[in-house]
Amino acid sequence: MSNNRRYALIALSAALISSSCVSAFAAPTPSASPSASTSIDTFKVAQEQYRKDRDAYMFALQEREMKIRSINATFKNAIDKSAADAKSAMLLATTPDQKNAITSARRTAVASAIISRESAIEALGPLPSPPVQPQRPAKMSPQGMSEQKEKKKR
């Protein structure tokens, strides 16, 4: 019973201490906003840079896709060659040991092709990150517009 009272006393005192430490701070006053023409000019420059970055990003994606297609074509050729070699060798094999050796050689060739494909894709590196589109500056409303009443919808 004394342990329960002790825990309750600790919890109560911790709650009182934490609630008395809370204090409020006022938000700092907002700084003066730049003129509308400056923010629009800045936006136009940022938008033009975004277009250039987007074009570079799309080119990088296309180049990466072409490299991956080439890697996949090489992989497919290696797999097809190992399958054709195994098929032609199986026609000549007469003992189970020969057939097992052919199957093992085919599996080894496939595993080697998989490893080389994965390492080639890893060598390409991660996907390029897309550019971030700039935010359009907020429109400045004339003074007193916010004080007008909204029109009721019918």
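Quick one: V132 ticks every box in (1) without any contact (Cβ under 8 Å) to a residue 60 or more places away in the chain; (2) of a type outside the set (S, T, Y); (3) open to solvent by 80 Å² or more (accessible area, probe 1.4 Å) except a single one, so which number is it?
Here V132 clears every test but (1).
Any idea which of (1) open to solvent by 90 Å² or more (accessible area, probe 1.4 Å); (2) at pLDDT 95 or above is the one A83 doesn't satisfy?
With (1) open to solvent by 90 Å² or more (accessible area, probe 1.4 Å); (2) at pLDDT 95 or above applied to A83, the lone miss is (1).
Check off (1) part of a helix (DSSP H, G or I); (2) in contact with a helix residue (DSSP H, G or I) (Cβ under 8 Å, 6 or more places away or on another chain); (3) at pLDDT below 70 for N3 and give me the number that stays unchecked.
The number of the failed condition is (2).
Name the single residue that is most open to solvent (accessible area, probe 1.4 Å) among those in region 103-127 being within 25 Å of F59 (Cα to Cα) and among the hydrophobic types (A, V, I, L, M, F, W, C).
Taking region 103-127 first, the residues within 25 Å of F59 (Cα to Cα) are 117-127.
With the extra rule that they be among the hydrophobic types (A, V, I, L, M, F, W, C), the set shrinks to 120-121, 123-124, 127.
Values: A120: 35, I121: 44, A123: 86, L124: 54, L127: 117 Å².
The qualifying residue most open to solvent (accessible area, probe 1.4 Å) is L127.
Against the condition modelled with pLDDT of 55 or more, open to solvent by 100 Å² or more (accessible area, probe 1.4 Å), part of a helix (DSSP H, G or I) and of a type in the set (A, V, I, L, M, F, W, C), how does M66 come out, does it pass? So that I can check it myself, show each step before the final result.
Working: modelled with pLDDT of 55 or more: yes; open to solvent by 100 Å² or more (accessible area, probe 1.4 Å): yes; part of a helix (DSSP H, G or I): yes; of a type in the set (A, V, I, L, M, F, W, C): yes.
Yes, satisfied.
The values are calculated or read from the model by the stated rules, or taken from the named source; none is laboratory data. The shown structure was predicted, so the numbers you read here are calculated from the model rather than taken from an experiment. When we count neighbours, we look across all protein chains shown, and the Cβ atoms used for this are built from the backbone with ideal geometry, even at glycine. These area figures cover heavy atoms from the full protein model, side chains too; ligands, DNA and RNA do not enter into them. Shrake-Rupley method; radii C 1.70, N 1.55, O 1.52, S 1.80 Å.
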